[in-house]
Amino acid sequence: MHKTKVHSITDNRGGLVSLESGINIPFDIKRVYYLYNLNDEARGFHAHLKLRQFLICVSGSCTVKLDDGETSSNFTLNDPTEGIFVERLLWREMHNFSKDCVLLVIADAHYDECDYIRNYEDFLKLVRTDT
Ligand code: TYD
């Protein structure tokens, strides 16, 4: 689990980041969504059976906590040229949203509630039996 830098095309007008399947995103992009206008309530608190995602704070900052069932790590996202790949079976929580935070999420599948694990004990059971 680590943050990934994405290339920015920057000139005197500003920066431009392009996210492309098979170029800097290692999966086919099926869905893009973003969280914005956030308050101090943490979000997430789930894992996914299959879904792969890339999270990038395109404005402001937040903390992403990732837990693989054995260890958990906190990542500060505060740079629109730096994101984090969140693979399947990782418990994720998002905390400490700045007022101007816009958290962009790129995913390899459409929204499917059946892919969610929303109970932490179920998540631990699953990671311990997953092969
Ligand atoms: P939720 O999973 O609670 O968001 P978070 O993980 O950020 O805490 O999702 C909030 C609501 O939005 C919930 O009713 C499911 C719905 N939703 C969609 O309809 N499509 C989507 O792509 C996502 C991510 C959520």
In deg cm²/dmol, rounded to 500, what helix-only [θ] at 222 nm does the chain give when every DSSP H run of at least 4 residues adds -39500 (n - 2.57) and the total is split over its residues? -2000 deg cm²/dmol
Report the percentage of all Cα-Cα pairs in region 1-101 whose separation exceeds 16 Å, rounded to a whole percent. 59 percent
A correct Karplus calculation of ³J(HN,Hα) over region 21-27, with 6.51 cos²θ - 1.76 cosθ + 1.60, θ = phi - 60°, whole Hz and x for Gly and Pro, returns 4, x, 10, 10, 10, x, 8
Translational D in µm²/s for region 50-105 (Stokes-Einstein at 4 °C, 1.567 mPa s, Kirkwood Rh from C-alpha pairs): 114 µm²/s
In terms of the charge dipole of the chain, which places +1 on Lys and Arg and -1 on Asp and Glu at the beta carbon, the residue among GLY15, PRO26, ASN74 farthest towards the positive end is GLY15
When the label point is put 7 Å from the Cα of ASP115 along its Cα-to-beta-carbon vector, which residues of region 24-66 have a backbone N closer than 17 Å? 25-35, 44-56
Using the beta-carbon distance between PHE27 and HIS95 and R0 = 30 Å, what value does 1/(1 + (r/R0)^6) give for FRET efficiency, to the nearest 0.05? 0.70
Based on the Cβ-Cβ distance of SER61 and LEU124, what FRET efficiency does E = 1/(1 + (r/R0)^6) give at R0 = 30 Å, to the nearest 0.05? 0.55
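Each value in this text was obtained by applying a stated rule to the coordinates, not by laboratory testing. This one's a predicted model, so the numbers in the text were calculated from it and none came from an experiment. Cβ atoms come from the backbone with ideal geometry, glycine included; neighbour counts cover every protein chain shown.
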